[in-house]
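**Q** I have a structure I would like to understand better, so I am pasting it below and will then ask my questions one at a time.
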Amino acid sequence: MGKIHSKWLVVLAVLLGTFTVILNNSMLNPTLPTFMEMFDVDAVAVSWLLTIYMVATGMTMPLTGFLGDRYGKKRIYMIGLVTFMLGSLGSALSPSLALIITFRAVQGMAGGLMMPIAMALIFNAFPRDERGLAVGIYGVAAMVAPAIGPTVGGIIIEFFTWPFLFLFNIPFAMLGLIFSYKFLQPTERNPHLKFDYIGFVLITLGIGSILYALGRGSTLELLLSPLSLGLLGGGLLLIVIFVKYEQMQEEPLLDLSIFKIPTYSISILVTATAQIGLFSGIFLLPLLIQEVYGLGEVQTGIIFLPAALLSGVFMTIGGRILDKKGPKYVIPFGLVILGSFTLVLGFNTLTTSFWFILVMNSLRSAGLGMSNMPATTAGMNAIPEAQVAQGSAMNNIIRQITASFGIVFFSIYYEVRRAKVFSTQAHLSMQEATLQALNEAFMIAGIFILLIVPFGFLLKGQKELDQDKQQKRA
């Protein structure tokens with residue numbers, strides 16, 4: 001019993017830390033106007049509070065595989081948690097917006113260290129046939145935190161001063177640190193592992209350039225500006241050079257050979273698609289609730305709460321099915337549910353009930369829970385144990401880029417399409433044009449998700465992977 005207990009305490013330890021990190025980032029979204037007023041700056045300046053975090057996280061993630069293998073995963077995770085607390089304290093005590101943005105970058109680097117390592121620590125603690133349920137429970141943090149973050153941030157900014165947005169993190173992070181120290185098991189270290197400096201420069205500059213371009217591309221004009229196009233083109237070129245360079249290294253920063261494993265590569269495709277499903281809802285639903293139906297932030301928050309809870313429940317159910325039956329019995333069906341109910345949200349009218357939208361969003365989130373984390377687990381199970389940290393890092397990097405791309409795509413589509421519908425169809429009001437643009441965006445997201453469903457049937461479970469190994473040996 002003691003052994004089983006310790007395994008679940010590992011999940012609790014990493015859940016506490018990563019929940020705190022994700023929650024803090026989502027707490028800031030509704031508070032940006034307050035920062036604009038406090039520091040007398042425009043929206044572009046204050047948006048760096050979010051952009052710098054995203055860029056710093058993406059640029060740090062490629063390091064986690066090397067650092068975890070070189071110095072031990074437990075140590076790196078705890079360093080990340082301490083760094084996050086220092087970034088939170090520095091942000092709270094900062095006298096200027098520029099200094100807050102600097103410490104937000106520190107928080108982003110900490111998050112980049114923690115997120116991939118957290119998954120690797122869970123995989124180290126659990127055998128392959130129990131990881132689905134464990135990762136499903138851990139994944140609740142990734143779903144509930146963004147859902148309640150805006151509400152928590154709104155309450156803090158309403159009743160306290162803005163520094164408490166960052167001080168709020170410290171007690172929870174401290175608790176996560178205590179649990180990590182007590183319950184995380186030290187992992188093997190390779191002190192002779194060499195650091196790939198050239199690879200590090202190539203991949204961090206490449207990812208940083210792409211994420212920065214996507215972060216500033218909130219309008220079509222900005223995305224198509226010479227700076228953004230240059231950053232996107234330069235970032236893609238650096239990544240191509242990185243791939244070619246890594247293939248020639250004996251000790252690469254990221255071992256890209258794992259992409260030759262079909263189940264891992266397909267799992268990346270599925271999780272990237274699930275990210276589009278997730279962030280299409282996060283971006284489009286507030287616009288639907290507030291711009292079309294004229295409701296407020298409270299109703300918007302209510303839309304996401306049951307969805308987050310249902311997603312968490314079905315993550316654990318999906319994880320258990322994955323452990324017992326394999327990915328083919330859960331992931332394709334999760335994608336069908338996610339895509340179908342996303343498509344249903346493309347048929348709203350001006351008289352559609354708020355409660356109907358709430359139920360549809362909750363049901364689509366159940367599909368998200370059955371597809372996202374189970375696909376991640378299936379892909380990670382397919383790669384060698386020694387490459388789990390690197391596999392987790394690459395999974396997180398691609399998810400980060402996909403999420404950023406999804407938000408940029410839907411924001412630009414919404415703005416451009418709404419303006420065109422309003423200008424070309426004189427009989428429609430702006431409210432009706434807004435609804436049509438949002439409906440079309442939901443339809444695009446739903447169709448794209450459904451197109452990926454067949455790939456879910458190509459994912460292999462542990463029994464099939466073991467059979468493949470035996471056939472190769474024979």
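**Q** How far is it, in nm, from the label point at residue 229 to the one at residue 249 when both lie 7 Å from their Cα along the line to the Cβ?
**A** About 3.2 nm, to one decimal.
**Q** Still on this structure: If every alpha-carbon in the range 132-212 counts as one equal scatterer, what log10 I(q)/I(0) does Debye give at q = 0.14, 0.26 1/Å?
**A** Normalising to I(0) and taking log10 leaves -0.96, -1.10.
**Q** For the range 207-252, would you read off the P(r) tail past 18 Å as a percentage of all alpha carbon pairs?
**A** Working: 396 of 1035 pairs.
Every Cα pair in the range 207-252 considered, those over 18 Å come to 38 percent.
**Q** Separate question: Straight distance only, please: which aspartates and glutamates reach the Cα of residue 7 with their own Cα at less than 18 Å, same-chain residues fewer than 8 apart left out?
**A** Residue 7 reaches 129, 130, 188, 323, 385.
**Q** What are the principal axis extents of the Cα atoms in the range 215-303, in Å, biggest first?
**A** 58, 37, 17 Å, listed from the longest principal axis down.
**Q** Once the convex hull of the alpha carbons of the range 240-377 is built, what does its volume come to per residue, in cubic angstrom?
**A** On the way: hull volume 18.7 nm³, N = 138.
Spelled out: Cα convex hull of the range 240-377, divided by residues, is 136 Å³.
**Q** I've got another one for you. What percent of all Cα-Cα pairs in the range 246-288 falls in each 10 Å bin, counting up from 0?
**A** So the P(r) values, bin by bin, are 25, 28, 25, 16, 6, 0.
**Q** Projecting each Cα onto the charge dipole of the chain (Lys/Arg +1, Asp/Glu -1 at the beta carbon, about the Cα centre), which of 160, 171, 139 comes out farthest on the positive side?
**A** Result: 139, furthest along the dipole toward the positive end.
**Q** Kindly write out, for the range 94-109 in residue order, the coupling ³J(HN,Hα) from the Karplus curve 6.51 cos²θ - 1.76 cosθ + 1.60 (θ = phi - 60°), rounded to whole Hz, with x marking Gly and Pro.
**A** 6, x, 9, 5, 4, 6, 4, 4, 4, 6, 5, 5, 4, 4, x, 4
**Q** Using the Karplus equation 6.51 cos²θ - 1.76 cosθ + 1.60 (θ = phi - 60°), what ³J(HN,Hα) coupling, rounded to whole Hz, does each residue of the range 127-143 give in order, writing x for Gly and Pro?
**A** x, 4, 7, 10, 6, x, 5, 4, 5, x, 5, 4, x, 4, 4, 5, 9
**Q** Classify the range 265-314 from the C-alpha gyration tensor, please: rounded if a/c falls under 1.5, else prolate or oblate depending on whether a/b exceeds b/c. Before the final figure, lay out the partial values.
**A** Numbers: a/c = 5.22, a/b = 1.84, b/c = 2.83.
Since a/c reaches 1.5 but b/c is at least a/b, the shape of the range 265-314 is classed as oblate.
**Q** Shifting gears a bit: Do you know the relative contact order of the chain, to the nearest whole percent, from alpha carbon pairs under 8 angstrom that are 6+ apart? Each step should come with its number before you reach the end.
**A** Details: 820 pairs, mean separation 102.5, N = 474.
Relative contact order here is 22 percent.
**Q** Moving to a separate point now. Which value, in Å to one decimal place, does the Kirkwood hydrodynamic radius take for the range 172-240 when every pair of different Cα atoms is included?
**A** 15.2 Å
**Q** When the Debye formula is applied to the Cα atoms of the chain, each taken as the same point scatterer, what base-10 log of I(q)/I(0) results at q = 0.05, 0.06, 0.10, 0.11 Å⁻¹?
**A** -0.17, -0.25, -0.74, -0.90
**Q** Sticking with this one: Which of the three applies to the range 332-442, rounded, prolate or oblate, going by the alpha-carbon gyration tensor with a ≥ b ≥ c and a/c under 1.5 meaning rounded?
**A** On the way: a/c = 4.43, a/b = 1.97, b/c = 2.25.
Cα axes put the range 332-442 in the oblate bin.
**Q** Let me ask something additional. So what are the ³J(HN,Hα) numbers for the range 253-266, from phi and the Karplus equation (6.51, -1.76, 1.60; θ = phi - 60°), rounded to whole Hz, Gly and Pro as x?
**A** 4, 10, 7, 6, 5, 5, 6, 6, 7, x, 4, 5, 4, 5
**Q** Report, largest value first, the span of the C-alpha coordinates of the range 1-184 along each principal axis, in whole Å.
**A** In descending order, the Cα extents are 56, 32, 24 Å.
**Q** Is there a pair in 324/460; 74/325; 73/328 whose C-alpha atoms are over 24 Å apart, and which pairs would that be?
**A** 74/325; 73/328
**Q** May I ask for log10 I(q)/I(0) of the range 255-469 at q = 0.07, 0.09, 0.10, 0.18 Å⁻¹, from a Debye sum over the Cα atoms as equal point scatterers with solvent left out?
**A** -0.24, -0.38, -0.46, -1.18
Read-outs: derived from the displayed coordinates by stated rules, not from any lab. These figures come from a predicted structure and were not determined experimentally. FYI the Cβ positions are ideal-geometry reconstructions off the backbone, even for glycines, and counts take in every protein chain you see.
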